[in-house]
Amino acid sequence: MNLHIKQKLSFNNLAKALLALIIFFKSDLLFAQVTENISNIGKLTVIITGFANDNGNCRFAIDNSKYVYEREDTVWIGKVLPIVNKQVIVVIDSLEFGEYAVRVFHDENKNEKIDTNFLGIPKEGYGFSRNLKPRLSVPTFNDCKIDLNSNMSITIKLIYR
C-alpha cells in the first residue's frame, strides 16, 4: 500500500513540474511577443516652425499610406493645434515603425481649410515632411514620406507664397 501512495505522489509531483514548465515557457513566449511589439514602436516628434503669427491654429495630418495620403476626405491621424511663439511641437508616442508622410497648414482664420487665390496657390502657410516645396502640385506620398525605425524628430518649416 505504501508503494502505491509513493507512485501516486510521484505522479502528482511530475504533473506539477510539467505544468510549471508549460507555464514558464508560455509566459516566456508571451514576454518575447510583448518585447518584440515594443521594439517595433517609436516616438515621432514634429517641430513646425515659420508661422507668420500666432493667429488661428495649425492643422496637422500624418498618413501611413499612399492611399490615405491621396484622399481628400480623411487622414490617418489629424490634429488641430494652438500656435505658441510662432511654432508647434507635436509628439506622437507609440507609433509603429513604418513609412509616414506629414502635412500641415496654418489656418489663420479658423475656417478649417487652406485658403487659396484664384490660381489655387495657398494664401496660408503650409508644409510637408522632408520640407518639400511643391512646384505645380502637392507632393506625393513617396516624395515626402519618412521612414520611422526608431525615435526620431523632424522639423517642418512653413512655406508662404
Looking at segment 125-160, which of its residues are in a loop (DSSP other than H, G, I, E, B) and touching a residue at least 40 places away in the same chain (Cβ under 8 Å)? Gly125, Thr140, Asn149, Ser150, Asn151, Leu158, Tyr160
Whether any residue in segment 35-58 is at positive phi, out of contact with any helix residue (DSSP H, G or I) (no Cβ under 6 Å at 6 or more places or on another chain) and at pLDDT 60 or above is what I want to check. yes
For segment 97-124, give me the residue count where each residue is small (Gly, Ala, Ser), surrounded by 10 or more Cβ atoms within 10 Å (Cβ to Cβ) and either in contact with a Ser or Thr (Cβ under 6 Å, 6 or more places away or on another chain) or free of Cβ contacts under 8 Å to residues at least 12 places away in the same chain (or both). 1
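The values are calculated or read from the model by the stated rules, or taken from the named source; none is laboratory data. Every value quoted in this text rests on a predicted model; they were computed, and no experiment measured them. Don't worry about glycine lacking a Cβ; one is built from the backbone with ideal geometry, like all the others, and counts go over all protein chains shown.
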